[in-house]
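Accompanying notes for the structure given below.
The values are calculated or read from the model by the stated rules, or taken from the named source; none is laboratory data. Worth saying up front: this structure is predicted, and the values here are computed from it rather than measured. So basically every Cβ, Gly included, is an ideal-geometry build from the backbone, and we count neighbours across all protein chains shown.
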């Protein structure tokens, strides 16, 4: 049997519902190893609207695993065509994400932004955009995130994609609206990864008469951002300098001062407890910085390993705090 016939036979066996998992894996892995030689036949199956949908899905998956970019136009054609089986379309999108070719992004963005499109297909497109990672799509993702009439799952995925691709590409003029949208969606981790540019707007929420949930999430995000600053000192490059500690302390102290001026601390409002808790947590992180500062070997700039990594030492304390903050 020549290789052409063997490839066709292996592809045909994928429709056998009685095949064991072990046999299926063997067939699948064999086709992947055949690589480029199998691509034309897999494309042929994928394009065949009369073929069993399950086999078409596996053909798309195999094309993704093989990674031959010749398959890209056909995969795009499949997921853009609403007449195709939904599972086949989703498999084609996943294959494109696996291949990772940025040429597919315009079509993926079209699918992701189309409110008339099937939700599951949109979510797969959004996940593919997140995986492919191209900073040029961030403005479109911000538009989706800010759209309060958009599906919440779509908006959350947009937030995840923005952070995954590059939160640094969020324009300063958009930052407040982005942070407020993320708080509305309760995506605290995304705000933590945006980092310091989000801080003024978190303090604004904590200082105003916002909802309890929104203030709670703003507080968690602010504590998380401060925690990441401490983490960079504790686990970052060696040869730490005195100014590294001073700068970190000054940043956190500035945030504490801003919160102390909050109207929520000057009157008997429910926000008082929430703001006071954030201040207390930030003060605890300041104490961690000072502990680390005291453990630095002045001759090398390295944190003393004897104390730093010992039971109950600063690193253990910091790790516990980070786990609680989920950062």
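When residues in segment 7-28 are screened for being modelled with pLDDT under 85, under 34 Å from the mean Cα position of the chain (by Cα) and part of a helix (DSSP H, G or I), 6 of them pass. Somewhere in segment 168-178, is a residue outside any helix (DSSP H, G or I) and more than 18 Å from residue 191 (Cα to Cα)? Within segment 168-178 (the criterion being outside any helix (DSSP H, G or I) and more than 18 Å from residue 191 (Cα to Cα)), the answer is no, since none of the residues qualifies. With surrounded by fewer than 19 Cβ atoms within 10 Å (Cβ to Cβ) and closer than 23 Å to residue 142 by Cα as the only criterion, which of 119, 108 stands out? Of 119, 108, the one residue that is surrounded by fewer than 19 Cβ atoms within 10 Å (Cβ to Cβ) and closer than 23 Å to residue 142 by Cα is 119.
Taking segment 156-177 as the range and being surrounded by 22 or more Cβ atoms within 10 Å (Cβ to Cβ) and farther than 25 Å from residue 231 by Cα as the test, the residues that pass are 157, 158. Residue under question is residue 38, and the condition is that it be at pLDDT below 90 and not in a helix (DSSP H, G or I); does it hold? No, not satisfied.
For segment 43-51, the condition of being part of a helix (DSSP H, G or I), more than 27 Å from the chain's Cα centre (by Cα), closer than 22 Å to residue 118 by Cα and modelled with pLDDT of 85 or more holds for at least one residue. With the condition kept exactly as written, say whether any residue in segment 17-37 is within 29 Å of residue 143 (Cα to Cα) and not assigned by TED's automatic domain parsing to the domain that holds residue 148. Taking every residue of segment 17-37 in turn, none turns out to be within 29 Å of residue 143 (Cα to Cα) and not assigned by TED's automatic domain parsing to the domain that holds residue 148. Cβ separations smaller than 7 Å between residues 6+ apart or across chains give the following pairs from segment 228-256 residues that are closer than 14 Å to residue 288 by Cα and in the same structural domain as residue 283 (by TED's automatic domain parsing) to residues that are part of a loop (DSSP other than H, G, I, E, B) and modelled with pLDDT under 85: 228/327; 233/240. Residues to consider are 154, 162; find the one that is in contact (Cβ under 8 Å) with a residue 40 or more places away in the chain and closer than 30 Å to residue 99 by Cα. Answer to the selection: 154. Taken together, 145, 108, 123 contain a single residue that is in a helix (DSSP H, G or I), outside the structural domain of residue 81 (by TED's automatic domain parsing) and under 16 Å from residue 190 (Cβ atoms), which is 145. If you go through segment 230-249 and keep only what is loosely packed, with under 11 Cβ neighbours inside 10 Å and modelled with pLDDT of 80 or more, you end up with just 243. Is it the case that residue 225 is assigned by TED's automatic domain parsing to the domain that holds residue 292, modelled with pLDDT of 90 or more and part of a helix (DSSP H, G or I)? Considered against the rule, which asks whether it is assigned by TED's automatic domain parsing to the domain that holds residue 292, modelled with pLDDT of 90 or more and part of a helix (DSSP H, G or I), residue 225 comes out as yes. Answer yes if at least one residue in segment 166-173 is on the phi < 0 side of the Ramachandran plot and modelled with pLDDT of 90 or more, and no otherwise. Scanning segment 166-173 turns up no residue that is on the phi < 0 side of the Ramachandran plot and modelled with pLDDT of 90 or more.
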